[in-house]
Amino acid sequence: MYSGAAAAAGPPRRDFISVTLGPEEVVGVGGYNNSKAWRRRSCWRKWKQLSRLQRSVILFLFAFLAVCGVISYTSMGEAWKSITNKSLDDQRTEQEIPGLKLANPAVLPAPQKADANHGDYPELSPQKPPKPPHVRRGPSNLQIKAPRRDTRLKTQRDTIRAVEELVQADKVEKMEKSIISWRGAVIEPDQSTEPPSSKIKEPKKPSSVEAEDLKEPVPINERQLAVIEAFRHAWKGYKDFAWGHDELKPLSKSYSEWFGLGLTLIDALDTMWILGLKEEFEEARKWVANDLVLDKNVDVNLFESTIRILGGLLSTYHLSGDSLFLEKAKDIGNRLMPAFKTPSKIPYSDVNIGRGTAHPPRWTSDSTVAEVTSIQLEFRELSRLTGDEKFQKAVDEVMKHVHTLSGKNDGLVPMFINTNSGQFTHLGVYTLGARADSYYEYLLKQWIQGGKKENELLEDYMRAIEGVKKHLLQRSEPRKLTFVGELAHGHFSAKMDHLVCFLPGTLALGAHNGLAADHMKLAETLIETCYQMYAQVETGLSPEIVHFNLHAQKGHKDVEIKPADRHNLLRPETVESLFYMYRFTGDKKYQDWGWEILQNFNKYTRVPTGGYTSINNVQNPSNPEPRDKMESFFLGETLKYMFLLFSDDIDLINLDKYVFNTEAHPLPIWVPA
């Protein structure tokens, strides 16, 4: 109702607001009203706007979360149930046996009930649970039954977990079995590598290893005992007159120093281990632990320090499992690395291990090819053990560089290489003797060490052997012995170093590893020649160098010896090859030849007060002119190879598991990770 004043003023004024609505926004037809139906339609519209890929991803995530929820629920339920049952069982046990506490609970779950489901593995037949009174070493059997119909949606996670735990327990059991004794000393292998030896050894502690898993050790025979006696006699002289020094002078009952690093002692460590000389080994170990000082101002030869010290320490570490030797090996390895700081990456010959400096010999800037290419086995193994790639990288660069060089003659290399230019020098002279010998040996052995994968090494080795056949092989008169001579600027020389007698063993090793069969035939002919280098000499000991007669002459043997070459340094190369030949052929004549050599060492080089001496004249049995020096390699190589030669146990340093460096220190062949 309006008042009278308003009426008198005329009709009232009306204000209007115009709003235009789409049909879908009219309330009750489809407009926003915060209802559940409207929200559902809005979400559906958004869902339809997504691409097919986006919708698939979202659906997958929801399905994954749902599966995880089911798995978590079932796993938690089973685990809680197992814990509850175990607690009840433990309580019952403690009630039955007062005072008993369950220590070190089992890693594996307790055996399940007969109707427990362990996953869908139809290929495994159901097994009955073990009887309670029976106790068996190792993990308990898994109880496998077909899944019930109402549990077929359960995942296989529980079964997978149980299998993984079973495998882990089996590894633990194998580890316990591998704690073994090799000739009286306990070995606990480094778990990061393969066990160092395949030789069956007595267990450290009594265990339930089945009898069929044990191999009876091969008894030590009389010839091996003779080697042990010879070693002890040599060691007595070293211990009495040269302990901790490099080399024994047995006649003057004193010593000589080269590097002042106890070369003889370190070179002999693994020999003592292989011969089973526990007391001597422990004495030497104490010296290494307490008295071997590497931080000293002294120049050492890179090659000799690597093959004798680094190689000896690495080998002893693998045989004994004692980390002391690995730590010392890392120390000397790092101290030798300055040798590689050259313009060409071809290392210098000499290193000062205290100052960290290196230099070539004073008279030349060259290094010998054998020295720079015969340190690879040791540095590569040091990298594998330490995880530090710098050692292997340095020596691999040397081999790759030499592989590409010109100046070779059908695979044969010159004797010298310049550290500045990285090129061969003194071209045209080719030999398998001093300054080049172990280059060829390490081509093959690196290939074997690395698992036969480095084809460049094999190619260089095979090419070199063909070069030997083409250029260096000749036959002597009158017995037509095959020998390896030398080539100098196209002229053949019938000169053969005793050092070359490494070749028969190397050829046999290559043939054993699948190389050409004619390599073994050549090895058989060459080892006969090396034996004749002893047998045709008055003392039965080989000189350092021989010359072969190429033309038959009345009253002349195949072997001729010059006065400057008739010394014997107690070298190992012939015995080394005899060891390989016997190991691969089983021919007893190789053992007999080695026995003759040992008897002649005892007859002409043994010093009554202890030790053995090199001699100046192998052609004079009445006065071989002793030189008053026992080289470290007599203990490190010669007697070691003698002992192995006389053994009929092929697992005593198994040649399918170990490769010897050029100082007779065995290093493991790498196996795929």
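Taking region 387-468, how much of its Cα-Cα pair set, in percent, is spaced more than 20 angstrom apart? Before the final figure, lay out each step's value.
Numbers: 1051 of 3321 pairs.
Distances greater than 20 Å cover 32 percent of the Cα pairs.
One Cα centroid belongs to region 467-484, the other to region 315-370; the line between them spans 37 Å.
Taking all protein chains into account, the per residue accessible area for region 514-673 stands at 35 Å² (1.4 Å probe). Taking all protein chains as present, what is the carbon and sulfur share of the accessible area of region 535-632, in % to the nearest whole number, probe 1.4 Å? Of all accessible area on region 535-632, carbon and sulfur atoms account for 46 percent. Sorting the segments 558-568, 266-276 by their mean number of nearby beta carbons within 10 angstrom, highest to lowest, gives 266-276, 558-568.
Which of the peptides 373-380, 62-69, 531-538 is most tightly packed, and how do the rest follow, going by the mean number of other Cβ atoms within 10 Å of each residue? List each step's numbers first, then the result.
On the way: 373-380: 26.5, 62-69: 10.2, 531-538: 20.0.
With the highest mean Cβ count within 10 Å placed first, the list reads 373-380, 531-538, 62-69.
Solvent-accessible area of region 420-486 (1.4 angstrom probe, protein heavy atoms only): carbon and sulfur portion equals 47 percent.
Past the 22 Å Cα-Cα mark, which pairs from K445/K562; K345/K452; K296/K341; K452/K495; K603/K640?
On the way: K445/K562 34 Å; K345/K452 25 Å; K296/K341 20 Å; K452/K495 33 Å; K603/K640 19 Å.
Pairs exceeding 22 Å: K445/K562; K345/K452; K452/K495.
All C-alpha pair distances within region 569-670, sorted into 5 Å bins from zero, spread as 2, 12, 22, 21, 18, 12, 8, 4, 1, 0 percent across the bins.
Would you mind putting 411-419, 643-651 in packing order, based on average other-beta-carbon counts within 10 Å, highest first? Before the final figure, lay out the partial values.
Working: 411-419: 22.1, 643-651: 20.6.
Final packing ranking: 411-419, 643-651.
The values are calculated or read from the model by the stated rules, or taken from the named source; none is laboratory data. Everything numeric in this text was worked out from a predicted model, so none of it was measured. Counting neighbours? That spans all protein chains shown, and the Cβs are built from the backbone with ideal geometry, glycine included. For the accessible areas, the whole protein counts, side chains as well, though only heavy atoms, and no ligand, DNA or RNA atoms are used. Shrake-Rupley method; radii C 1.70, N 1.55, O 1.52, S 1.80 Å.
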